[in-house]
1. Please get the size of the charge dipole for the chain, origin at its Cα centre, with Cβ charges of +1 on Lys and Arg and -1 on Asp and Glu, quoted in debye to the nearest 20.
2. Whole number in Å², please: accessible area per residue of the chain, 1.4 Å probe, ligands, DNA and RNA not counted.
3. Quick check: the angle from helix 54-68's long axis to the longest principal axis of the chain, C-alpha only, nearest 10 degrees?
4. Report the local net charge at Cys38: Lys and Arg +1, Asp and Glu -1, summed over other residues whose C-beta lies under 10 Å from its C-beta.
5. Amide H to amide H, which residues 5 or more places from Gln34 or on other chains are under 5 Å from it, using H placed in the peptide plane?
6. At 1.4 Å probe size, with the rest of the protein present, what percent of the exposed accessible area of region 22-86 is carbon and sulfur atoms?
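The values are calculated or read from the model by the stated rules, or taken from the named source; none is laboratory data. Just so you know, these numbers come straight off a predicted model, no measurement behind them. With ideal geometry, Cβ positions are generated from the backbone for all residues, glycine too; neighbour counts draw on all protein chains shown. Accessible surface is based on the protein model in full, side chains and every heavy atom, while ligands, DNA and RNA are left aside. Shrake-Rupley method; radii C 1.70, N 1.55, O 1.52, S 1.80 Å.
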Amino acid sequence: MTQQGPPMGPFCQSCGMPLSTPEDFGTTAEGYRQNDYCHFCFTDGAFLQPDATLEGMIEQVIPHAVQATSMGEAEVRKMAEENLPRLKRWS
Ligand SMILES: [Zn+2]
């Protein structure tokens, strides 16, 4: 099992998704790029799920992260439970 290096960022401050291309970023109400959140979480100046909870977000990101990485679900869950509470939206 290879250990991943430290996250390079930037990351969505809601779901922890890496923001690597301009299309990954959310948008403000004026249509400008929003640097803190991804477009799945924040579009046109508002959260898509304004009532989301940290626990609910962790459950949502796990299947995506399992698919995007070669890690197993248990490992992804551990990472999500460690990292998501530190993000701006949940702290
Ligand atoms: Zn996000």
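1. Numbers: 6 positive and 12 negative charges, 47 e Å.
Rounded to the nearest 20 debye, it is 220 debye.
2. Working: 6180 Å² over 91 residues.
With the other protein chains kept in place, the chain gives 68 Å² per residue.
3. 70
4. Charge balance near Cys38 sits at -3.
5. Gly26, Thr27, Thr28
6. Details: 2300 of 4280 Å².
On region 22-86, the fraction of accessible area on carbon and sulfur atoms equals 54 percent.
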